[in-house]
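**Student:** Quick one: the structure is below, and I'll ask about it shortly.
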Amino acid sequence: MALTLASTWHPRGENQRLVRLWPILQEVYGKGIFCLHPDSDPAEIDHLGRQLGSWACFIPTQNWPTGRYEALNQAVKAASEPIQYADLDRLLRWVETRPDEWRQTAEAIYQCDCLVIGRTPAAYATHPQALLRTERLSNRVVSHLLGQELDLSAGSKGFSHTAAQFILAHSRPGRALGTDAEWPILCQRGGFRVESRLVNGLDWESADRYQEQAADPEAQAKAAREYDLDPAHWVWRVEVAEEIISAGLEALTRDLAC
C-alpha cells in the first residue's frame, strides 16, 4: 500500500532534481500524477517521461486554473489508496531538505480523512512579506469558518480516497488557489475530520528555481527581499487571498445535494 501523489507543476528548472529524487519518491508514492502548466516544453516532458517510466503520469493542460482539480481527479482514478496533493516545487524542496519529516508526514496521511499540512513559525518566516501579510488574512478567515487554526496555503494536503472522491463530486474547478479553502471546507461539510500538521520542510521554495538543489537560507532570504520590491507581487498576493476567502465562503453555503 502506497500513497498516490497528485501534483501540479509549472517547470522552472526542476527536471533533474525530480529525476535525482525519483528513487526516494517511489518509496513513498506508488504513482505520481503531474498536471503540467501550459508553458511546459513537450520535448522536455517527453524525455522526462522516458526517464521516470510508468510511475509518472504527465497531464498537459491548457486551462491552468483547473490543474489541482485534474491532478486530484486522475489520482483518484489511478488507485484506491490515500492521496497526497502537493505543489511539486514545494515537495522537491521538502524531500531534499527534511526527508525524515516528509516521510513521517506522509505516513500520517493514512490515519486521516483530510490532513492540512501547514508551516511551523520558522518555516513561515522564510516567506516574503507579501505572502506573510496576505496569507495571514486568508488563514484567519478560513480557520474561523472551520473552527480551528490552520495554515492552508503551504501547498500540500492529504486525503483518504473516499474524502477525495467527495471533493471531486462537489467542488467547482477553475479557482486553483481557492482549493486551499474549498477542499477542507467540503471535507468538513461531508462529515470528514479535518486535521492539521505543521512542518519545517514547507519553507519558501521559489528561491530554488533553476538551481541544482534547494537554496540555502541566505539565498532564500535574499530572494524573499527581492520579491517584496515588486509592487505587482503584492497585488497578486492580495488577489490570491481574496480568491481563497471567496472560494471558502462559497463552499460553505454550496448545495451539496446536487
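**Student:** If we count other beta carbons within 10 Å of each Cβ, what is the order of His144, His170, fewest first?
**Tutor:** His144, His170
**Student:** Would you mind checking which residues have amide H under 5 Å from Leu198's amide H? H placed 1.01 Å from N; only 5 or more apart, or other chain.
**Tutor:** Gly118
**Student:** Excluding same-chain residues fewer than 8 positions from Lys157, which lysines have a Cα within less than 19 Å of its Cα?
**Tutor:** Cα-Cα hits under 19 Å: Lys31, Lys77.
**Student:** Give me a comma-separated list of calculated 3J(HN,Hα) values for the stretch 81-97, in order, Karplus coefficients 6.51, -1.76, 1.60 applied at θ = phi - 60°, integers in Hz, x for any Gly or Pro.
**Tutor:** Residue by residue, the stretch 81-97 yields 8, x, 10, 10, 8, 8, 5, 5, 4, 5, 4, 4, 4, 4, 5, 5, 8 Hz.
**Student:** With labels modelled as points extended 7 Å from the Cα through the Cβ direction, what inter-label distance (nm, one decimal) is found for Gln211 paired with Ser246?
**Tutor:** According to this spin-label approximation, the distance is 3.4 nm.
**Student:** Moving to a separate point now. Given a Förster radius of 35 Å and the C-beta distance between Glu218 and Arg172 as r, what FRET efficiency does 1/(1 + (r/R0)^6) yield to the nearest 0.05?
**Tutor:** 0.25
**Student:** Just want the ordering: Ile45, Ile117, from fewest to most Cβ atoms lying within 10 Å of their own Cβ.
**Tutor:** Ascending Cβ contact count within 10 Å gives the list Ile45, Ile117.
**Student:** Could I ask something else about it? Measuring from centroid to centroid over Cα atoms, what is the spacing of the stretch 1-74 and the stretch 166-180 in Å?
**Tutor:** With the stretch 1-74 and the stretch 166-180 each reduced to a Cα centre, they are spaced 20 Å.
None of the figures in this text is laboratory data; all of them are computed from the coordinates on show. This one's a predicted model, so the numbers in the text were calculated from it and none came from an experiment. So basically every Cβ, Gly included, is an ideal-geometry build from the backbone, and we count neighbours across all protein chains shown.
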